[in-house]
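Some notes on the structure that comes next.
The values are calculated or read from the model by the stated rules, or taken from the named source; none is laboratory data. Being a predicted model, the structure only gives us computed values, none of them experimental. Don't worry about glycine lacking a Cβ; one is built from the backbone with ideal geometry, like all the others, and counts go over all protein chains shown. Heavy atoms of the whole protein, side chains included, go into the accessibility calculation; ligands, DNA and RNA do not. Shrake-Rupley method; radii C 1.70, N 1.55, O 1.52, S 1.80 Å.
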Amino acid sequence: MAPTKKSKKRKRDSKKLKKCKNLSVVPMEPRAAEPDWWEIFWHKNCSTSVCAGSSGPNDEAEVFKYFFRTSKRTFDYICSLVREDLVSRPPSGLINIEGRLLSVEKQVAIAMRRLASGESQVSVGAAFGVGQSTVSQVTWRFVEALEQRAKHHLRWPSSSRLEEIKSQFEASFGLPNCCGAIDATHIIMTLPAVQTSDDWCDTKKNYSMFLQGIVDHQMRFLDIVTGWPGGMTTSRLLKCSKFFKLCNVGERLNGNARKLSGGSEIREYLVGGVGYPLLPWLITPYESDDLSPLKLNFNTVHGAAKSLAVRAFSQLKGSWRILNKVMWRPDKRKLPSIILVCCLLQNIIIDNGDELQPDVALSGHHDLGYQEHCCKQIDPLGNTSRENLANHWHQNKEKIYSS
């Protein structure tokens with residue numbers, strides 16, 4: 001019996017299957033898809049004027065940090081975190097002007113340059129030889145991936161790590177049992193007319209989103225909250241945060257109390273500015289026109305400790321300048337993810353042993369032009385804790401300064 005002929009439909013299906021098989025393997029090896037992206041980028045973009053801030057135009061390591069804020073080693077680590085996500089679901093159109101698929105490394109570089117420079121998508125695209133839509137797509141895919149894969153770089157510290165933080169605060173400022181410093185900043189944005197709202201309009205008549213952060217002695221973020229309108233007060237922002245609720249039910253800052261001079265005790269606490277309420281676990285400075293020398297001295301050391309949070313935000317907004325420029329009509333649902341990823345990147349830099357670059361930090365205050373609204377809320381237990389802490393510092397100041 002003669003073999004049966006294959007139907008035309010089966011032939012077409014077979015051809016389609018072969019075609020799909022041939023196409024499906026392409027995105028799985030993106031590293032082989034194009035020449036070394038860094039060599040091309042370096043020679044294209046590193047003029048003497050652009051790299052004037054590095055130790056020399058030919059210092060490759062410093063030039064790399066200038067553009068991407070991290071060492072190559074840390075950059076490779078970031079690529080390893082997001083590689084699976086960027087390879088497993090490659091969208092159509094991720095090609096450069098020469099028609100090659102973008103490698104994972106180049107995708108990460110595009111996204112990090114966009115975040116670091118705050119330049120327009122068109123400008124960033126021109127630096128890499130890709131279009132504006134590719135920059136937009138690549139940046140958002142990177143943000144989504146890192147937000148999920150780098151969560152372990154921003155979480156409340158373990159008890160042993162917290163002891164180390166408290167030890168460093170006491171050694172540096174003479175403040176026992178202090179677990180960190182808290183502050184907040186505005187991320188300014190332009191909203192289309194249809195989305196305008198008084199809630200998002202802040203005291204400077206800017207449309208903005210709030211970011212609150214708690215940092216340790218290394219200016220590393222321990223907790224953040226964002227997504228809330230910039231028209232709120234910092235006190236209200238705190239009370240809307242999960243951290244506030246956890247503290248109130250005894251699930252944060254709940255470690256052992258510390259004995260102070262004179263027999264009193266101080267629980268674990270944060271230091272914050274006058275915009276925050278004075279609470280048993282949040283110590284703010286004294287507010288008065290006529291303060292005693294003891295209280296003035298306490299305010300000085302308190303301000304020095306709190307300045308860690310101020311410097312952390314200046315570093316954050318200077319390193320990732322997308323947060324310091326007026327963001328043009330951002331998606332308010334996506335902006336919190338962008339903010340979180342910038343905080344994650346700062347922590348990753350610290351965790352991987354890279355030095356933060358002080359030359360890229362903002363030269364002025366991170367919230368320039370905004371005045372902190374003084375919160376009048378004073379918890380009696382918080383007031384007692386501040387008095388005990390001020391007296392302890394005064395009694396031990398000679399020992400503190402001598403060490």
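Odds and ends about this structure:
- Its residue count N fixes a reference of 2.2 N^0.38 Å for the stretch 232-330, and the Cα radius of gyration divided by that reference is 1.33.
- Proximity of backbone amide H atoms, modeled 1.01 Å from N, is registered between Trp228 and Phe210 at under 5 Å, excluding neighbours fewer than 5 places apart on the same chain.
- Shape category assigned to the stretch 249-403 from the gyration tensor of Cα positions, a/c cut at 1.5: prolate
- Whole-Hz Karplus values for the stretch 280-285 come out as x, 10, 9, 9, 10, x Hz, taken residue by residue from phi with 6.51 cos²θ - 1.76 cosθ + 1.60 and θ = phi - 60°; glycine and proline positions read x.
- The residues of the stretch 60-152 present an accessible area of 39 Å² per residue when probed at 1.4 Å with all protein chains retained.
- Taking amide H as placed 1.01 Å from N in the peptide plane, Arg258 has its amide H under 5 Å from the amide H of Ile266, Arg267, each at least 5 places away in sequence or on another chain.
- Averaged over residues, the count of other Cβ atoms within 10 Å places the peptides 330-340, 247-257, 228-238 in the sequence 228-238, 330-340, 247-257, highest first.
- 3J(HN,Hα) along the stretch 229-237: x, x, x, 6, 7, 5, 4, 5, 4 Hz, from the Karplus curve 6.51 cos²θ - 1.76 cosθ + 1.60 with θ = phi - 60°, whole Hz, x for Gly and Pro.
- Sorted peptide list for 269-279, 128-138, criterion being average Cβ within 10 angstrom, highest first: 269-279, 128-138
- Residue by residue, the stretch 268-278 carries 3J(HN,Hα) couplings of 5, 7, 10, 10, x, x, 5, x, 9, x, 7 Hz when phi is fed to the Karplus relation 6.51 cos²θ - 1.76 cosθ + 1.60 (θ = phi - 60°); x denotes Gly or Pro.
- Computed from point charges on the beta carbon alone (+1 for Lys and Arg, -1 for Asp and Glu), the dipole magnitude for the stretch 60-152 about its Cα centre is near 140 Debye.
- Among the listed pairs Lys334/Lys376; Lys239/Lys397; Lys151/Lys239, those beyond 31 Å (Cα-Cα): Lys334/Lys376; Lys239/Lys397
- Nonpolar atom fraction for the stretch 60-152, defined as the carbon and sulfur part of the 1.4 Å probe accessible area, stands at 48 percent.
- Per-residue packing, averaged as other Cβ atoms within 10 Å, sorts the ranges 104-110, 368-374, 148-154 into the order 104-110, 148-154, 368-374, beginning with the highest.
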